[in-house]
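The values are calculated or read from the model by the stated rules, or taken from the named source; none is laboratory data. Given the structure is predicted, the values throughout are model-derived calculations rather than measurements. Cβ coordinates were reconstructed from backbone atoms using ideal geometry, including for glycine residues, and neighbour counts include every protein chain displayed.
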Ligand SMILES: [Zn+2]
């Protein structure tokens, strides 16, 4: 699919599902922003999850992966959809006593692994999942996400693939122009979910 068409459709789906909200938000980091993103709201609709999975699979395919992986929980749905689109196995990683691990699957010596996330901010979760494979004789070839909000500053050893690179401003409460304009903020997640 052409990039601009894909992005326009994704942006529409993000809005329509409530996964991308515009307004005035207090984020969990304590920062204020004009934009809030929660990919779970997009991915609750299987049709939208399949769309994003197929689009991200197109970006993963040139890495010639043998396996798709993802850190639980954020990457579970989109990872599965990418794997489905490429007809590859999907092996998720999860934390065990706080440490990322491949608990339920045999190790994958010599396999090429592409790691998938819903949103890459710092890249820590994806990086830990990739490292699990790399430590055990697999080849961590790439990483991708629906949304990249790292601003090019993720901790990943390579530049992540993504469907949408966003760079929404984040402000401390003291410097927030929306607060200065007297607009009340909302804390996403505390509001009643759209259905
Ligand atoms: Zn504010």
Does residue 91 satisfy being part of a loop (DSSP other than H, G, I, E, B), more than 16 Å from the ligand (Cβ to nearest atom) and free of Cβ contacts under 8 Å to residues at least 60 places away in the same chain?
no
Counting only residues that are touching a residue at least 60 places away in the same chain (Cβ under 8 Å) and assigned to a strand (DSSP E or B), which one in region 98-144 is surrounded by the fewest Cβ atoms within 10 Å (Cβ to Cβ)?
141
Across region 173-184, which residue is modelled with the lowest pLDDT among those that are closer than 12 Å to residue 30 by Cα and within 9 Å of the ligand (Cβ to nearest atom)?
173
Return the residue satisfying two criteria in turn: it lies in region 64-88 and is exposed (fewer than 14 other Cβ atoms within 10 Å of the Cβ) and either under 21 Å from residue 14 (Cβ atoms) or without any contact (Cβ under 8 Å) to a residue 60 or more places away in the chain (or both), and of such residues it is farthest from the chain's Cα centre (by Cα).
87
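Taking region 29-56 as the region of interest, how many residues are on the phi < 0 side of the Ramachandran plot and touching a residue at least 60 places away in the same chain (Cβ under 8 Å)?
Residues flagged as on the phi < 0 side of the Ramachandran plot and touching a residue at least 60 places away in the same chain (Cβ under 8 Å) within region 29-56 amount to 17.
Go through region 152-172 and give me each residue that's over 30 Å from residue 54 (Cα atoms) and either part of a loop (DSSP other than H, G, I, E, B) or more than 9 Å from the ligand (Cβ to nearest atom) (or both).
Passing the criteria: 170, 172.
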